[in-house]
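Values quoted throughout were computed directly from the atomic coordinates according to the rules given, and no laboratory measurement underlies them. Since we're looking at a predicted model, the values are computed, not measured. Reconstructed Cβ throughout: ideal geometry from the backbone, glycine too, with neighbour counts over all protein chains shown.
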Amino acid sequence: MVDVDEMEQQHRKLIGLLNRLKDAVNNHESRKDIYRIIDEVISFTGSHFANEEQLMVKSGFPEIDLHRNHHVHLMKEAHRLKEKYDYAGEEMFVEWFNHWYYTNVIAHIQYADKAVEDHIMQGSAKG
Ligand SMILES: [Fe+2]
Ligand SMILES: [Fe+2]
């Protein structure tokens, strides 16, 4: 179950980064620091998605196109985080972030990624 462990570890790291971003905004950290965390979110999300897509190919996950589209959408949103932060201001940004971005990422992990994990586990149970 190395692949599933790896996915879950990456999800924990991603959620940790998102929480760090929220804290940084709530604590009025500098724009430069906020931007730096957003860059980390973008880069880690990108490498995690690429990694997960490889695991989907490797395990023959049937709904890979749908899942990949969801990644593309979340990635687009990640690339808009700076713009949102600049446009909305701290308070509105956190509000939007909690109700939209964070919620969508968590939902993706809980449902879409869970389906991939279940698929990988079924495959390895069959041997
Ligand atoms: Fe995913
Ligand atoms: Fe994931």
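Taking the C-alpha atoms only, the angle from helix 81-96 to the longest principal axis of the chain is near 90 degrees. Extents of the chain, taken as max minus min of Cα coordinates on every principal axis and listed largest first, are 52, 23, 20 Å.
Note that the stretch 63-70 has calculated 3J(HN,Hα) couplings of 9, 5, 5, 4, 5, 5, 4, 5 Hz, one per residue in order, obtained from phi through the Karplus relation 6.51 cos²θ - 1.76 cosθ + 1.60 (θ = phi - 60°); glycine and proline are x. Placing pseudo-labels 7 Å out from each Cα toward the beta carbon at ARG20 and GLU63 gives an inter-label distance of 3.1 nm.
Residues of the stretch 33-47 falling in the label zone of GLU90, defined by backbone nitrogen less than 17 Å from a point 7 Å along Cα to beta-carbon, are 33-38. By how many degrees, between 0 and 90 and to the nearest 10, does the Cα long axis of helix 2-26 differ from the longest principal axis of the chain? On a 0 to 90 degree scale, this one is about 10.
Among the listed pairs LYS84/LYS114; LYS82/LYS114; LYS32/LYS76; LYS32/LYS84, a Cα-Cα separation exceeding 25 Å is found for LYS84/LYS114; LYS82/LYS114.
With R₀ fixed at 22 Å, the C-beta to C-beta distance from GLU77 to ALA125 puts the FRET efficiency at about 0.05.
Calculate how steeply helix 31-59 sits against the longest principal axis of the alpha-carbon atoms of the chain, using the helix alpha-carbon long axis, and give the answer as 0 to 90 degrees to the nearest 10. Roughly 10 degrees, rounded to the nearest 10.
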